[in-house]
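Chemist: Questions regarding the structure given below will be posed in turn.
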């Protein structure tokens with residue numbers, strides 16, 4: 001926790017009061033975040049509470065580095081947020097961290113130039129801390145802010161959409177990377193133009209924002225390429241700059257390295273002979289004991305080549321620029337497979353969002369499959385209970401009555417026995433129908449091809465079959481396809497008014513394709529009627545799909561595609 | 001008359017053997033799987049075989065395929081196929097060689113032993129017997145078609161019974177009419193369906209089934 005560098009007694013009391021207030025705010029926020037019901041909810045709640053605490057700390061640090069000693073203002077602001085919107089704490093913290101990081105970068109530049117105002121930045125003091133200490137903290141804050149923001153935006157698609165615009169076909173998580181385009185534009189424009197960089201930056205940022213919102217996929221590609229370009233440029237600049245600084249540190253040359261830096265637009269560094277003003281010679285010593293005047297700060301930064309966040313100059317920042325160049329390069333390379341689907345295909349990387357949607361699809365179709373199986377079992381039980389089972393009970397009763405009547409009234413007994421025989425025949429018929437509904441005999445015996453041929457024979461329509469299957473398919477796929485085709489043929493017979501229909505089945509090695517066409521009136525609506533929806537559900541368990549084309553006037557064509565491999569070699573159907 | 005029985009369930013096999021024995025058939029062999037059936041059919045050359053469609057080793061349609069194979073080697077070998085289900089597809093395969101001497105019945109038909117024994121005798125004599133359920137399906141499929149739609153209700157009844165493989169006298173008995181009336185109906189049916197008339201029961205059945213199957 002940053003503390004004001006000279007805490008007096010009244011300040012101490014003020015601090016205690018502020019801390020008490022913050023504690024109060026946290027206590028108020030606590031019951032309003034997360035749901036304590038489950039263990040997972042409890043963990044989320046603790047995480048959100050952690051964000052609240054982090055918000056207080058970060059706000060204090062930020063306020064303290066903006067205006068020395070003003071940390072209490074930040075704490076008060078954080079308290080206000082905690083009171084009003086405790087759930088937004090993490091998102092605000094991430095934004096504050098990013099700002100804090102940028103301030104740190106600025107401070108590091110000021111330290112490098114020796115124009116830093118006295119004040120605290122995180123754990124560093126601008127006067128007696130080395131520049132790298134400030135810089136490391138600034139990078140850490142930036143990284144932390146980016147990570148936190150990414151996590152928060154991913155968890156809140158609504159907010160992400162607000163920031164990023166439409167996300168058609170893209171998960172917000174995939175699109176967040178394109179936000180880096182803004183950073184690329186800002187850093188890149190600083191390298192390209194030295195004089196009007198502010199204008200270029202603003203214009204470039206507006207253009208980048210438009211691209212991000214309108215064409216997120218393109219923005220992501222641009223980001224990847226831009227980052228790699230930045231990294232390579234950085235390496236080139238650093239190389240030429242080290243050569244220069246090495247030359248400059250030659251004892252024979254009295255010129256200060258700062259003034260010797262080349263114009264940013266040229267990749268080669270040319271030391272320019274220039275006389276050093278007294279103000280500039282004061283700036284060479286970074287650890288100057290007394291703060292330089294602000295007027296001097298305006299003079300100094302212009303001749304140095306800007307690169308990356310800190311700027312490239314001889315001495316310490318060359319290492320920083322090198323590190324930044326590598327970070328840009330690495331980030332760009334990491335983004336390439338994420339932004340270019342072609343590259344992704346080559347290296348076989350599946351993006352997170354695709355896996356997520358696949359898992360969701362699997363969970364959904366599994367739930368449907370389980371439900372369907374349960375419903376089928378219930379129906380089976382009911383059919384058996386009301387049908388065959390009941391008939392067998394009646395049969396037993398009839399036979400018992402016949403047994404009793406046998407000697408008393410043989411004719412009545414004979415009638416009862418005949419009735420019993422008929423009842424058993426009916427029970428058998430029912431069981432047969434039941435089994436046919438569960439697993440059709442020809443399907444069990446011969447597989448899909450002959451089962452569909454049998455189906456075609458049984459259909460009241462004149463069904464032509466055109467079947468080319470390499471062998472038996474996985475049994476569940478066969479069953480699903482069989483019942484789907486049966487449903488489609490039944491629909492055609494009932495509603496289409498067709499006399500002729502055609503079933504074509506082909507297998508391409510990995511995909512089973514079934515076409516059911518009836519030459520009827522057409523106009524079938526997939527949205528209406530549960531039959532087609534049932535088929536879709538049935539096929540979804542195998543990642544299969546159904547497409548129906550039914551223009552008014554016909555013909556109606558239903559195409560089903562199910563990915564599957566055939567398992568057994570062809571069984572001869574003698 | 002010598003019979004081979006192929007049925008994997010002991011109770012049913014035993015029941016069939018007893019029933020046939022009671023009606024004076026001689027049981028040449030009673031087997032419980034498809035390889036045994038083929039061996040018995042080729043080795044014993046029975047007058048008729050009664051075969052369950054579903055047999056070991058794969059418990060699919062081994063019985064049917066064994067019967068078809070045996071008929072391929074011994075053309076016209078009379079086979080009566082029994083099944084828990086009747087399928088038009090299997091009926092077509094049995095009828096495909098046009099050699100006669102085939103039957104295809106639901107297992108339940110065994111309940112009525114007189115009719116069942118009649119069917120066995122018909123098949124053994126080179127006749128054709130189709131389960132009423134098969135015939136109903138065949139007719140159902142063509143019911144809406146010309147010229148079947150032109151048949152009168154009574155003519156359809158006669159056609160159905162003809163397709164099941166019944167003789168004129170059996171049809172007359174069943175419909176409580178004279179044989180002459182049946183003969184008149186059958187002539188009318190054949191002319192309406194444009195089939196060559198035939199007095200031979202067996203050829204008549206095949207013609208009707210071929211028409212319905214076509």
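Chemist: Could you please let me know if residue B:35 is in a loop (DSSP other than H, G, I, E, B), away from every other protein chain (no Cβ under 14 Å) and over 13 Å from the mean Cα position of the chain (by Cα)?
Modeler: Spelling it out, it is not the case that residue B:35 is in a loop (DSSP other than H, G, I, E, B), away from every other protein chain (no Cβ under 14 Å) and over 13 Å from the mean Cα position of the chain (by Cα).
Chemist: So which residues in segment B:170-202 are out of contact with any helix residue (DSSP H, G or I) (no Cβ under 6 Å at 6 or more places or on another chain), at pLDDT below 80 and surrounded by 15 or more Cβ atoms within 10 Å (Cβ to Cβ)?
Modeler: Hits for segment B:170-202 are B:201, B:202.
Each row is one residue, and each column tells you yes or no for (1) loosely packed, with under 15 Cβ neighbours inside 10 Å; (2) at positive phi; (3) in contact (Cβ under 8 Å) with a residue 60 or more places away in the chain; (4) not assigned by TED's automatic domain parsing to the domain that holds residue A:540.
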residue	(1), (2), (3), (4)
A:353	no, no, yes, yes
A:382	yes, no, no, yes
A:399	no, no, no, yes
A:409	yes, no, no, yes
A:417	no, no, no, yes
A:422	yes, no, no, yes
A:431	no, no, no, yes
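Chemist: Report whether or not residue B:105 is without any contact (Cβ under 8 Å) to a residue 60 or more places away in the chain, within 24 Å of residue B:136 (Cβ to Cβ), assigned by TED's automatic domain parsing to the domain that holds residue B:20 and within 12 Å of the chain's Cα centre (by Cα).
Modeler: Yes: the conditions hold for residue B:105.
Chemist: For segment B:62-86, how many residues are at pLDDT below 90 and at the interface with chain A (Cβ under 8 Å from one of its Cβ atoms)?
Modeler: Matching residues across segment B:62-86 total 2.
Chemist: Look through segment B:138-159, keep the residues that are closer than 13 Å to residue B:212 by Cβ and crowded, with 19+ Cβ neighbours inside 10 Å, and return whichever of them is modelled with the highest pLDDT.
Modeler: In this case the residue turns out to be B:159.
Chemist: Suppose we filter A:120, A:127 for residues that are farther than 25 Å from residue A:159 by Cα, modelled with pLDDT under 80 and in contact with a helix residue (DSSP H, G or I) (Cβ under 6 Å, 6 or more places away or on another chain); which single one remains?
Modeler: Exactly one residue qualifies, and that residue is A:120.
Chemist: Within segment B:87-102, take every residue that is more than 13 Å from chain A (Cβ to nearest Cβ) and within 19 Å of residue B:5 (Cβ to Cβ) and give me the one that is farthest from the chain's Cα centre (by Cα).
Modeler: This residue is B:101.
Chemist: Now, a different point. If residue B:195 passes every condition in (1) part of a loop (DSSP other than H, G, I, E, B); (2) touching a strand residue (DSSP E or B) at 6+ places or on another chain (Cβ under 7 Å) but one, which one does it miss?
Modeler: (2)
Chemist: List, please: which pairs have Cβ atoms under 8 Å, are six or more places apart or on different chains, and start with a residue in segment A:95-121 that is assigned by TED's automatic domain parsing to the domain that holds residue A:180 and in a helix (DSSP H, G or I) and end with one that is buried (at least 19 other Cβ atoms within 10 Å of the Cβ) and modelled with pLDDT of 80 or more?
Modeler: Note: no pairs meet the criteria.
Chemist: Something else: Tell me, which residue of segment A:440-496 that is within 14 Å of another protein chain (Cβ to nearest Cβ) and part of a strand (DSSP E or B) is farthest from residue A:548 (Cα to Cα)?
Modeler: Once the filter is applied, the top-ranked residue is A:472.
Chemist: If a residue must be more than 14 Å from chain A (Cβ to nearest Cβ) and within 16 Å of the chain's Cα centre (by Cα), how many such residues does segment B:131-158 contain?
Modeler: 0
The values are calculated or read from the model by the stated rules, or taken from the named source; none is laboratory data. These figures come from a predicted structure and were not determined experimentally. Positions of Cβ are generated from backbone atoms using ideal geometry, with glycine treated the same way; all protein chains shown enter the neighbour counts.
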